[in-house]
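Step one of this worksheet: look at the structure below.
Each reported figure results from applying straightforward, stated rules to the coordinates on display, with no laboratory input. Just so you know, these numbers come straight off a predicted model, no measurement behind them. Neighbour counts run over all protein chains shown; Cβ positions are idealised from the backbone, glycine included.
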Amino acid sequence: MAGRATSLAHTANFDTLPDSAFIRESQLVQSPKRPDIAAPLPFSAPTLWRKVKAGTFPKPIKLSSRITAWRVSDVRAWIATQCAQQQAEGINHA
């Protein structure tokens, strides 16, 4: 139960994390194993990695041999870019 509470706290606090913080995959994307836990990104881990490989999502940083994470500032910048692109497309289609 403690692990689940920690996951909920991390997800709920994405907006309050400092830009210099790091966020791991499990806190970043939706998990089919935990569909009740919200995540900042609305897609799966495989989609995240496809986007990283395609260069359409920021590359993660290897913090140790077994820990990979993204800078919160990079994720926020990507989200802002996606929102701006959708707004521009909406204006162009209107």
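Quote to one decimal, in nm, the extra length available between ARG66 and GLU89 on full extension: 0.36 nm per residue of separation minus the C-alpha distance between them.
Net length gain for the segment: 4.3 nm.
Over all distinct Cα pairs, what is the inverse of the mean 1/r for region 29-71, reported as the Kirkwood hydrodynamic radius in Å?
Taking the inverse mean of 1/r over all distinct Cα pairs, region 29-71 comes out at 11.4 Å.
Bins of 10 Å, beginning at zero and ending with the bin holding the largest distance: percent of Cα pairs per bin for region 20-94, please.
18, 45, 29, 8, 1
In a shell of Cβ-Cβ distance under 11 Å around ARG71, excluding ARG71 itself, what net charge do Lys and Arg (+1) and Asp and Glu (-1) give?
0
For TRP49 and ALA80, FRET efficiency with R0 = 22 Å and r from the beta-carbon atoms, rounded to 0.05?
Computed FRET efficiency for ALA80 and TRP49 comes out at 0.55.
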